[in-house]
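The values are calculated or read from the model by the stated rules, or taken from the named source; none is laboratory data. What you see is a predicted model, and the numbers here were worked out from it, not measured in a lab. Note that each Cβ is placed from the backbone with ideal geometry, even for glycine, and that neighbours are counted across all protein chains shown.
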Amino acid sequence: MKACIKIEAIGENIFQSIDRYRCFGTMADIFSVPKSYWVAKITGYCSEFDGFKREFVHGNRDYAKANGNGSRGIYVTYFLNPGLYEVKQKTSWKNTERYFCMVTEEGEIIKMDKPDIEKCLLKKC
């Protein structure tokens, strides 16, 4: 069974503006602005990126509750298969939450610490 994580894409209008300028080949091509939210499946170990290999999951955007300029109210829903994940999301304009979790076969999401994720990778949870 799949699990669902829904994240508000706070400040999404900034990324849309940059993407729009990239179409015209302006100076925005030089800058790479990382998204303030993402979900990544942990697939193993890696010497970079906090020690884990990741595959970033594609989310579905919902603009139904967006405000006029798109800075708030855009939600991205991620449907996750069982496995280990890392999540980064903005909880407000200034605060960001980053955590690890496991999606069980029943579709339950269990938050975990980094040592727990490492143990699961060793045991192949």
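Here are a few things to note about the model shown:
- Among (1) surrounded by 14 or more Cβ atoms within 10 Å (Cβ to Cβ); (2) within 13 Å of ILE7 (Cβ to Cβ) - the single one TYR99 does not satisfy: (1)
- Qualifying residue in the range 49-65 (condition: modelled with pLDDT of 90 or more, of a type in the set (A, V, I, L, M) and surrounded by 12 or more Cβ atoms within 10 Å (Cβ to Cβ)): yes
- Residues in the range 93-125 that are part of a loop (DSSP other than H, G, I, E, B), over 16 Å from TYR45 (Cα atoms) and either touching a helix residue (DSSP H, G or I) at 6+ places or on another chain (Cβ under 9 Å) or at pLDDT 95 or above (or both): THR104, GLU105, GLU106, GLY107, GLU108.
- Some residue of the range 54-61 being without any contact (Cβ under 8 Å) to a residue 40 or more places away in the chain, part of a strand (DSSP E or B), closer than 23 Å to GLU8 by Cβ and polar (S, T, N, Q): yes
- Search result, residues across the range 102-125 that are farther than 15 Å from MET1 by Cβ and not hydrophobic (A, V, I, L, M, F, W, C): LYS111, ASP113, LYS114, PRO115, ASP116, GLU118, LYS119, LYS123, LYS124
- Enumeration of residues in the range 1-45 that are modelled with pLDDT under 80 and among the aromatic types (Phe, Trp, Tyr): PHE15, TYR21, PHE24, PHE31
- Qualifying residue in the range 68-81 (condition: farther than 15 Å from CYS4 by Cα, modelled with pLDDT of 90 or more and not in a loop (DSSP other than H, G, I, E, B)): no
- Cross-chain or 6+ apart pairs with Cβ under 6 Å, the range 67-94 first and without any contact (Cβ under 8 Å) to a residue 12 or more places away in the chain, then in a loop (DSSP other than H, G, I, E, B) and of a type in the set (Gly, Ala, Ser): ASN67/GLY73
- Every pair of residues 6+ apart whose Cβ atoms lie under 8 Å, when the first sits in the range 112-125 and is over 12 Å from MET102 (Cβ atoms) while the second is at pLDDT 90 or above: LYS114/PHE100
- Subset of the range 55-96 (residues that are within 11 Å of the chain's Cα centre (by Cα) and among the charged types (D, E, K, R)): GLU55, GLU86, LYS88, LYS90
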